[in-house]
Amino acid sequence: MRVLVDADACPVKDEVYKVAWRHAVPVVIVSNAWLRVPQHPLVSRQVVSDGFDAADDWIAEQAGADTVVITADILLADRALKAGSKVLAPNGKPFTTSSIGAAIATRAIMADLRAGGDQIGGPRPFSPADRSAFLQALDRELVALKRALTQY
């Protein structure tokens with residue numbers, strides 16, 4: 001069991017460490033460049049090439065039923081779900097097999113609007129409530145995953 005973090009723009013890395021340490025679950029921080037991570041036996045760093053989607057590809061290859069993936073990238077979330085992982089956005093919102101199709105469609109519509117020159121706002125600013133929701137969601141997912149893995 002482990003947590004894989006799409007870390008280049010992840011605002012909740014410290015929260016991931018906090019929850020993972022409480023549950024004694026390893027964390028892999030995946031990025032295109034060297035990032036500082038705590039020196040802790042449960043935390044490791046995976047630096048991939050700076051190629052397009054290199055971090056996403058590495059995470060998707062490592063994802064499985066025993067992993068929780070943290071990402072805001074909808075296409076990576078889809079790949080991780082297909083591999084059997086639990087997937088959380090940094091705001092604590094879970095990506096699920098029933099919600100990912102709508103998220104992909106919305107992403108495509110927004111990309112078309114931007115390509116057409118429409119001025120659309122970005123996501124709302126990350127808030128303390130998002131941070132709190134993430135902490136609760138990750139805790140919930142790790143507890144559920146531990147239960148599921150011990151039933152086999």
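Points worth noting:
- Cross-chain or 6+ apart pairs with Cβ under 6 Å, region 79-108 first and assigned to a helix (DSSP H, G or I), then among the small types (Gly, Ala, Ser) and surrounded by 12 or more Cβ atoms within 10 Å (Cβ to Cβ): 79/60; 80/63
- Each residue in region 93-102 was checked for being surrounded by fewer than 21 Cβ atoms within 10 Å (Cβ to Cβ), within 22 Å of residue 140 (Cα to Cα) and not polar (S, T, N, Q), and 3 of them qualify.
A quick yes/no check of all residues on (1) assigned to a helix (DSSP H, G or I); (2) at pLDDT 95 or above; (3) over 18 Å from residue 3 (Cβ atoms):
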position: 111; (1), (2), (3): yes, no, yes
position: 124; (1), (2), (3): no, no, yes
position: 141; (1), (2), (3): yes, yes, no
position: 146; (1), (2), (3): yes, no, no
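- Residue within region 74-90 that is closer than 22 Å to residue 131 by Cα, at pLDDT 95 or above and either among the basic types (Lys, Arg) or surrounded by fewer than 20 Cβ atoms within 10 Å (Cβ to Cβ) (or both) present: yes
- Lone unmet requirement of (1) under 17 Å from residue 144 (Cβ atoms); (2) touching a residue at least 40 places away in the same chain (Cβ under 8 Å) for residue 24: (2)
- Top-ranked residue of region 27-71 - restricted to ones that are hydroxyl-bearing (Ser, Thr, Tyr) and surrounded by 17 or more Cβ atoms within 10 Å (Cβ to Cβ), ranked as nearest to residue 148 (Cα to Cα): 67
The values are calculated or read from the model by the stated rules, or taken from the named source; none is laboratory data. If you're wondering where the values come from, they're calculated on a predicted model, not measured in any experiment. Cβ sites come from the backbone with ideal geometry, for glycine too, and all protein chains shown count toward neighbours.
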